[in-house]
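Following: one structure in structure tokens, then a few remarks.
The values are calculated or read from the model by the stated rules, or taken from the named source; none is laboratory data. Since we're looking at a predicted model, the values are computed, not measured. Virtual Cβ from ideal backbone geometry, glycine too; neighbours counted across all protein chains shown.
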Ligand code: TRP
């Protein structure tokens, strides 16, 4: 188990965390990425051996269209796990939109955009469950007992939340901002998911989820394990930068979205930041913008970034951008074609979500019944 941050008041499971202390002492690894990556390789083997034994849950906030950073970070992996035969739940975290803003604007439209992105990349509603957490009452009810299992100090030191507070434009920090990671634990534990494919920034939330599962079992389980401890599955792909050289993000206007058309993609890549050196080399440390473009082409073409760089050689940044544009547009063409098709059938989108919500609600009801029984509050 990749327990990198041992919660206070719980006994450390030392045999399972060979490299946790190394991860903890590295200031560059506050999120526990090193341990999660090491564990990821082992999990990968287990999943390949018996995919049907795994329940996978992950999701997104409905704040806009998904981009290639999301795609190579986690979306691609979700579909791969589904196609291997794991059971997949995809959550549209609509309440979570309110963590750093007063109102969730365009919510219905953004929910539709997410469903379109999911369907376009190959999430299959016949096998997988797409749902919004606000529509699953029993999931939300888990928040109350879960809140009782964490301390205010623990909530205050979540590095991802701290970062979001620092970047938020709100004048004060809402109770939801501080507690949404506990709600996220309910997102994951309501269906007793074992695997959560996420980006690095979500690792603290996963750790808290594991802590809550463990504490619930210890406090109420009477020797049984009501909640399994879910594990993070990090993407092997490094972080993609946006066209301005900073992290690709929905809100920064630097993202290559799945939904963009080929011309818009070409325009965005043409305007991407590079450097003045003509000879193209893959050097993520001293040439991060060029390296990220090479990586993007490589991911789309299933090659290594070095191979892409060698092909371009001294043809310069313009040739690099042409290569990247072609690679991205070619890779996304079938995804975009499917997206356009689904966008014409809004009734199908609504039905997909309604059925997903019903399925998720049935699972959540069953879990809540167990929780109530364990807490002696089923009357
Ligand atoms: N916090 C996630 C994000 O910002 C979205 C999310 C909500 C999520 N609930 C989840 C991710 C449960 C994984 C599992 O992207």
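Key figures
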| read-out | value |
| --- | --- |
| Among (1) away from the ligand (no atom under 11 Å from the Cβ); (2) under 14 Å from the mean Cα position of the chain (by Cα) - the single one residue 185 does not satisfy | (1) |
| Within the stretch 124-158, tally of residues that are without any contact (Cβ under 8 Å) to a residue 40 or more places away in the chain and either closer than 25 Å to residue 79 by Cβ or buried (at least 17 other Cβ atoms within 10 Å of the Cβ) (or both) | 2 |
| Leading residue by the ranking (nearest to residue 231 (Cα to Cα)) among those in the stretch 56-70 that are modelled with pLDDT under 95 and more than 10 Å from the ligand (Cβ to nearest atom) | 69 |
| Unique match (being closer than 27 Å to residue 164 by Cα, assigned by TED's automatic domain parsing to the domain that holds residue 331 and in contact with a strand residue (DSSP E or B) (Cβ under 7 Å, 6 or more places away or on another chain)) among 284, 288, 230 | 288 |
| Condition check for residue 173: without any contact (Cβ under 8 Å) to a residue 40 or more places away in the chain and surrounded by 14 or more Cβ atoms within 10 Å (Cβ to Cβ) | yes |
| Meets criteria (modelled with pLDDT under 95, within 24 Å of residue 181 (Cα to Cα) and within 12 Å of the ligand (Cβ to nearest atom)) for residue 132 | no |
| Unmet criterion (only one of (1) surrounded by fewer than 22 Cβ atoms within 10 Å (Cβ to Cβ); (2) touching a strand residue (DSSP E or B) at 6+ places or on another chain (Cβ under 9 Å); (3) without any contact (Cβ under 8 Å) to a residue 60 or more places away in the chain) for residue 37 | (3) |
| Test for residue 359: is it surrounded by fewer than 20 Cβ atoms within 10 Å (Cβ to Cβ), touching a strand residue (DSSP E or B) at 6+ places or on another chain (Cβ under 8 Å) and touching a residue at least 60 places away in the same chain (Cβ under 8 Å) | yes |
| Any hit, the stretch 166-176, residues being within 14 Å of the ligand (Cβ to nearest atom), in the same structural domain as residue 95 (by TED's automatic domain parsing), touching a helix residue (DSSP H, G or I) at 6+ places or on another chain (Cβ under 7 Å) and closer than 19 Å to residue 135 by Cα | yes |
| Wholly within the stretch 106-160, helices (runs of 4 or more DSSP H) carrying at least 1 residues that are touching a strand residue (DSSP E or B) at 6+ places or on another chain (Cβ under 8 Å) | 107-121 |
| Qualifying residue in the stretch 259-279 (condition: closer than 28 Å to residue 44 by Cβ and touching a strand residue (DSSP E or B) at 6+ places or on another chain (Cβ under 9 Å)) | no |
| Test: residue in the stretch 76-93 that is away from the ligand (no atom under 15 Å from the Cβ), without any contact (Cβ under 8 Å) to a residue 24 or more places away in the chain and over 26 Å from residue 192 (Cβ atoms) | no |
